[in-house]
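The values are calculated or read from the model by the stated rules, or taken from the named source; none is laboratory data. None of these values were measured; they are calculated from a predicted model. Cβ placement follows ideal geometry from the backbone for every residue including glycine, while neighbour counts extend to all protein chains displayed.
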Amino acid sequence: MYTLVDPDVGGSDVDGIYRVDGPNSFTVVADIGAFAVLHPPTIPFSIAVPTGVQYAMQTYRGGFLVTDGHLNRVYRVTLDGEVSVFIAFDDIVPTGLAVSGDTIYMAEAGPVPHLPETGKVVSFGPKSSTATEVASGAPILVDVEFGRGRTLYALSNGEFSGDPAGSPGLPNTGALLKVNADGTLTVVMGGLDRPTSLEFIQNKAYVVTLTGDIWMIDGLSDPPYGNAR
């Protein structure tokens, strides 16, 4: 998936989902940017990029769900390239996705100034018109994933720097967090440098950072939560 590569922002490519056909070939599956221009949000908030900023992609029911962190909605995309709005929000900046059965879990970075109370994990279903808050309490949440034992985790990019909207958090203030049943978030590993995405393999978490590093955090099923390297 590519974003911010269209002519509106000085590029020459399509904002959307691509199929990789080989080492040097690909096919555009869905032009999400074109759909966004033709179907702008009806909920009022400031829009600087009409094609949106697609953030995360998750497989779902034989197709994909895609978050748009700028236009504040989630798209449903079929394998034939048909795009539709799955659910729309106010200015909450949707980011990462995880799916469990029919329930979709989503991270919210929250609007500027990205306060901890607006960094949320929410859930919704295929027929939902609104989302239900699952947990909150960390700034700029950018991903949510299930770990071993179906424990839900969230990833914070870090404390807001005060720079323009869309800027990353401050260096070394990011964190991996566990989502608790009482709606709180517990820091599992802090001091991460602007993490952007999260994936689990058994009891190991793999965190990709803005600078291109990949950190492995292991032993998450054992106290005191594991070690990073």
Just one listed residue, out of Gly96, Gly101, is within 20 Å of Ser156 (Cβ to Cβ), small (Gly, Ala, Ser) and in the same structural domain as Leu176 (by TED's automatic domain parsing), and it is Gly96
Here the residues within region 1-53 that are without any contact (Cβ under 8 Å) to a residue 40 or more places away in the chain and either in a helix (DSSP H, G or I) or of a type in the set (Lys, Arg) (or both) are Pro7, Arg19, Gly33, Ala34, Ala36, Val37, Leu38
Selection from region 40-70 of residues buried (at least 18 other Cβ atoms within 10 Å of the Cβ) and touching a helix residue (DSSP H, G or I) at 6+ places or on another chain (Cβ under 6 Å) yields Thr51, Gly52, Gln54
Restricting region 71-99 to residues that are closer than 19 Å to Ser136 by Cβ and over 11 Å from the mean Cα position of the chain (by Cα), the one surrounded by the fewest Cβ atoms within 10 Å (Cβ to Cβ) turns out to be Asp90
When restricted to Asp68, Asp31, the only residue within 19 Å of His114 (Cβ to Cβ) and outside the structural domain of Leu198 (by TED's automatic domain parsing) is Asp68
Point to revise | Test: Ser123 is under 24 Å from Phe45 (Cα atoms), at pLDDT below 95, out of contact with any His (no Cβ under 8 Å at 6 or more places or on another chain) and of a type in the set (Gly, Ala, Ser) | key: no
- Task: Answer yes if at least one residue in region 61-80 is among the aromatic types (Phe, Trp, Tyr), out of contact with any His (no Cβ under 8 Å at 6 or more places or on another chain), part of a loop (DSSP other than H, G, I, E, B) and in contact (Cβ under 8 Å) with a residue 12 or more places away in the chain, and no otherwise.
- Result: no
Any residue that is among the hydrophobic types (A, V, I, L, M, F, W, C) and either closer than 13 Å to Val85 by Cα or surrounded by fewer than 11 Cβ atoms within 10 Å (Cβ to Cβ) (or both) - is there at least one of those in region 11-18? no
In the set Asp193, Asp213, Asp218, Asp163, the lone residue that is over 22 Å from Asp91 (Cα atoms), out of contact with any strand residue (DSSP E or B) (no Cβ under 6 Å at 6 or more places or on another chain) and either acidic (Asp, Glu) or modelled with pLDDT under 95 (or both) is Asp213
When (1) more than 15 Å from Asn157 (Cα to Cα); (2) assigned to a strand (DSSP E or B) are applied to Asp90, the one that fails is (2)
Taking region 108-148 and the residues there that are among the charged types (D, E, K, R) and either loosely packed, with under 15 Cβ neighbours inside 10 Å or in the same structural domain as Thr67 (by TED's automatic domain parsing) (or both), the one that is nearest to Pro164 (Cα to Cα) would be Glu117
